[in-house]
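Structure record follows, encoded as C-alpha cells.
The values are calculated or read from the model by the stated rules, or taken from the named source; none is laboratory data. Note that this is a predicted model, so its numbers are computed, not measured. As a convention, Cβ positions derive from the backbone with ideal geometry for all residues, glycine included, and neighbour counts pool all protein chains shown. When the accessible area is computed, the model is the full protein with side chains, heavy atoms only, and any ligands, DNA or RNA have been set aside. Shrake-Rupley method; radii C 1.70, N 1.55, O 1.52, S 1.80 Å.
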Amino acid sequence: MKEVSRKRILVTGGAGFLGSHLCERLVTQGHDVLCVDNFYTGTKDNIAHLLDCANFELMRHDVTFPLYVEVDEIYNLACPASPIHYQHDPVQTTKTSVHGAINMLGLAKRVGAQIFQASTSEVYGDARVHPQKEDYWGHVNPIGPRSCYDEGKRCAETLFMDYRRQHGLEIRIARIFNTYGPRMHPADGRVVSNFVMQALSGEPLTVYGDGSQTRSFCFVDDMIEAFVRLMNLPEYPDGPVNLGNPHEVSMVEIAQRVVEITGSSSAIEFRPLPVDDPWHRQPDIARAKQLLAWEPHTSLDDGLAQTVRYFAALLQSASGARAEAGATASSAFRSIQPAA
Ligand code: NAD
Ligand code: UDP
Ligand code: UDP
C-alpha cells in the first residue's frame, strides 16, 4: 500500500453503510479516525471490528449541534439516505443536512480542515437531462415527500460553495449515485436490500410501478476509492463531482438478477410507485474519470453476489437468535414498504 502521512480525520455518519467502509479504509491507511454518529440509522455493529484499533475513536453526537474537536480533514456523511428513513422525520432530515453542514463547515473554518460533502444524485430530482452531468441544475419538487432530503442536500451544496467563496475553505463535493453492498441496513427499504432480503426469505420481490424505471448501481468498494481520491486531489476545481457506476438497469432487471444469483423461488410482485420517484438515473462520470483517474470496476453480478453473502450471514445469525425466541429470521428484518 502507498505510504500516506498520518492525519486526524473526522467521519460524520461513520457508523452508517458508507461511513463504516470509509472509516475502515482510513484506519487501515494508518490515519487517526474519529467517527461521529447519533445512530439514527447506523449501528455499532457496523464499526464493532474497529473499536479495538488504537487509531479509531467513536463519539455519539448529533451534528445538528456544534462540535469542537481538532482535526485535519472532515468527511461529512451524516444524514439518513434511504427514502423510508429520511421521510420518517423529515424536519430532522433537513436539520441534519443544513444545520449539520453549517456546524461542520464552521468547524472546518476554525481548524483549517479540508472538508468533503456526501451530496447526492437526488439534487437532480426527476431529471430531464440524461445521463446527468454536473452542470445540470436539476428538476426537484420543493414541497414533496422527498424534498426534505433533496432540498436539504441542495442547500448543503450551496453552503459548501459559499464557505469556499466567502471564507476560502478547501472543499470537496461528491454527488453520489445509488450505492450498494455489505452493511446496508436490511430494512432500509432501498431496492437492493429489499430484493436481496426478500429473495433470501422466499418472499415476493416488490417491484414498484411497472419496474421500467432505471437506476445505476455502484458497489461500495468502488465508491470509497473515489471518496479518498477526491479528498486527496491536490487541485480541486469549482463545483461538485458525480460519483457512481454508469451501468444503468431497470428495477425489473435487477429483481431478475437477484432471483438468479440467490437461486430463490420468489415471485416478482408489482406495487404502486412512490410519489416523485425519479424515472431515470445515470451518472455522467467524465469529470470524475478525468480528475481522479477513477472508474468503477465491480460488475453488478459480483457486487450483488458479495451483498447476498452479507445478508445471508445476517439472516443466519438472526435465525439462531430468533429460533430460541420462537420467531422467524426474516421477521427480525422485515422490509418496510413506503406509503404509495
Ligand atoms: P446511512 O443511513 O447508512 O448512514 C448515515 C449515517 O448518518 C448513519 O450512521 C446515521 O446514524 C448517521 N446520522 C444521521 N443523522 C445524523 C445526525 N444528525 N448526527 C450524526 N449522525 C447522523 O446512509 P449511507 O447510505 O451510508 O449514506 C451516507 C451519506 O451518503 C449520506 O449523507 C447520504 O445522503 C449520502 N448518499 C448515499 C447514497 C447511497 O446510495 N448509499 C447515495 C447518495 C448519497
Ligand atoms: N462550529 C462548530 N465547531 C467549531 C466551530 C464552529 O460546531 O469548531 C459551529 C458553530 O455552532 C457555528 C457554526 O459552526 O454556529 C458556523 O460557524 P461559523 O464560524 O461559520 O459562523 P458563526 O460562528 O459566526 O455562526
Ligand atoms: N424500488 C422497488 N422496490 C423496492 C424498493 C424500491 O421497485 O422494494 C424502486 C423505487 O421505486 C425506485 C428504485 O427502486 O424506483 C430505487 O429505489 P431506492 O429507494 O433504492 O433509491 P432511490 O429512489 O433513492 O434512488
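Between HIS130 and THR28, the contour length at 0.36 nm per residue exceeds the alpha carbon distance by 33.0 nm.
Computed from backbone phi with θ = phi - 60° and the Karplus coefficients 6.51, -1.76 and 1.60, the 3J(HN,Hα) list for the stretch 247-262 is 5, 9, 9, 7, 5, 5, 4, 5, 4, 5, 4, 5, 4, 5, 5, 7 Hz; x is used for glycine and proline.
Amide H contacts for THR179 (H built 1.01 Å from N in the peptide plane; partners 5 or more residues away or on another chain; cut-off under 5 Å): CYS218.
Summing charges over all other residues whose Cβ lies under 13 Å from the Cβ of PRO142, with Lys and Arg as +1 and Asp and Glu as -1, gives -2.
For the peptides 287-300, 241-254, 133-146, 12-25, the ranking by mean Cβ contacts within 10 Å, running from highest to lowest, is 12-25, 241-254, 287-300, 133-146. Take the alpha carbon atoms of the stretch 224-279, find their center, do the same for the stretch 28-100, and report the distance between the two centers in whole angstrom. Result: 22 Å between the Cα centres. A 1.4 Å probe run over the chain, with the rest of the protein chains in place, finds 43 Å² accessible per residue.
If R0 is taken as 35 Å, the Cβ-Cβ distance between SER250 and ASP89 corresponds to a FRET efficiency of 0.65.
Full extension of the chain segment joining GLN166 with ALA54 gains 36.6 nm, where the gain is 0.36 nm per residue of separation less the Cα-Cα distance. Axis of helix 191-200 versus longest Cα principal axis of the chain: the two differ by about 40°, to the nearest ten degrees. Report summary: the helix-based calculation at 222 nm, which adds -39500 (n - 2.57) for every DSSP H run with n ≥ 4 and divides by the residues of the chain, gives -12500 deg cm²/dmol. Other residues with beta-carbon under 13 Å from the beta-carbon of ILE268 carry, at +1 per Lys or Arg and -1 per Asp or Glu, a net charge of -3. To the nearest 10 degrees, how steeply does helix 147-167 sit against the main Cα axis of the chain, on a 0 to 90 scale? Taking the Cα atoms of the chain, the angle to 147-167 is about 20 degrees.
Each other residue within a Cβ distance under 14 Å of ARG287 adds +1 if Lys or Arg and -1 if Asp or Glu, for a net charge of -1. Of the options PRO80, HIS280, ALA313, report the single residue whose Cα projects farthest towards the positive end of the charge dipole of the chain (beta-carbon charges: Lys, Arg +1; Asp, Glu -1). Highest projection toward the positive end goes to PRO80. Extent of the stretch 239-319 along its three principal axes (Cα atoms, max minus min coordinate, largest first): 46, 31, 21 Å.
Candidate cross-link partners of LYS153 among the lysines, defined by an alpha-carbon separation under 23 Å and a same-chain spacing of 8 or more, comprise LYS95, LYS109, LYS133. Dividing the mean sequence gap of close Cα pairs (under 8 Å, 6+ apart) by how many residues the chain holds gives a relative contact order of 17 percent.
Derived scalar couplings between HN and Hα for the stretch 45-53 equal 4, 5, 10, 4, 6, 9, 4, 8, 7 Hz in order, rounded to whole Hz, by the Karplus curve 6.51 cos²θ - 1.76 cosθ + 1.60 (θ = phi - 60°), x for Gly and Pro. Rounded to the nearest angstrom and listed largest first, the equivalent-ellipsoid semi-axes of the stretch 47-125 from its Cα gyration tensor are 23, 17, 12. Cα extents for the stretch 40-84 along the principal axes, largest to smallest and rounded to whole angstrom: 35, 26, 16. Charges were assigned to the Cβ only: +1 to each Lys and Arg, -1 to each Asp and Glu. The resulting dipole of the chain about its Cα centre is roughly 420 debye.
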